[in-house]
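Engineer: What follows is a structure written as structure tokens; I'll ask about it next.
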Amino acid sequence: MNDVKDLCERILDQPAPPLRDSAQVLAVARHAAQRRARLTAAVGGLACTAVAAVVVTAALPRTAGELPVAQPPSATALASAAAVPPVPGPDAAQAHGGRIAQLLAEAVPAGYTSRPADATSTWRLDTDTAGTPRYISQTRLIVSDGAGEGVLSAALAGDRHAAPVGDLCAAAVTARLAEYSAVGPGTCDVVSVGGAAVRVDTAADRAVVATRFLAGGYLTIRWSPMTWSAVSPSASAQPWMLLDGGGRPALDAAAFTPARLAGLAADPRLLP
């Protein structure tokens, strides 16, 4: 106890150290602040590194053998992304005829009436070695304003050809369509509906035909004034084009514009 008292008295007897001036105090304060800043940054960096390490570790597979390998998209995947829908088979097209008739009737504008021209009919033309038939499946409505009549139809054609690339109004495409439908002289345009390219033919006889090409065939929507059959079905190379009229004059319905028919051709509901 006395030793402690003696030590304290000797400390008090020593002269006090001189006081630091303001410059020295400021320098000490700055040094302390810089040291704290470096310490804070170091700790923060360690914390961020730890968080990042946790995130990366969580994203890694459990074993090195499970590491995913990045692969570029294959040519097949790219082609599939831009592929057109396939044409249905003849049985599926025939079974879908009732739905097609309903959609055609819904497309008839106000002021006109419609009735089935006949039941949906499907013609199998031939079958290749792989068992894939060529066919035409057609659904038709007679449209009337009470005085004249016209025909609104949808036809699915399975001709086993790929969808054309390039100008849809090219001569080769016109020749392809002429195999199964009447494409008279007139004008040809191509419009885009929802990303789908649709060929629109307007004939001199006031018929309008909108065609959407599919993989292995195409879908055609046709509006035409009523026509009378001049030849018997047995003598025709295209029996699906024949229709006996109802005795009324032809109806040139201006409501069935090329734009309306192109929109109908691009309607995905027309495909089964």
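Engineer: Let me have the relative contact order for region 110-189, percent, based on Cα pairs under 8 Å that are six or more residues apart. Write out the running numbers ahead of the final one.
Structural biologist: Numbers: 101 pairs, mean separation 18.5, N = 80.
The normalised contact order for region 110-189 reaches 23 percent.
Engineer: Answer rounded, prolate or oblate for region 130-229, using the Cα gyration tensor with square roots of eigenvalues a ≥ b ≥ c: rounded when a/c is under 1.5, else prolate when a/b is larger than b/c, else oblate.
Structural biologist: Values: a/c = 1.90, a/b = 1.43, b/c = 1.34.
Cα axes put region 130-229 in the prolate bin.
Engineer: What distance in nm separates the simple spin-label points at Ala92 and Arg269, each placed 7 Å from Cα in the Cβ direction?
Structural biologist: In this crude spin-label approximation the distance works out to 1.9 nm.
Computed from the coordinates by the stated procedures, all read-outs in this text should not be read as laboratory data. None of these values were measured; they are calculated from a predicted model. Positions of Cβ are backbone-derived with ideal geometry, glycine not excepted, and every protein chain shown enters the neighbour counts.
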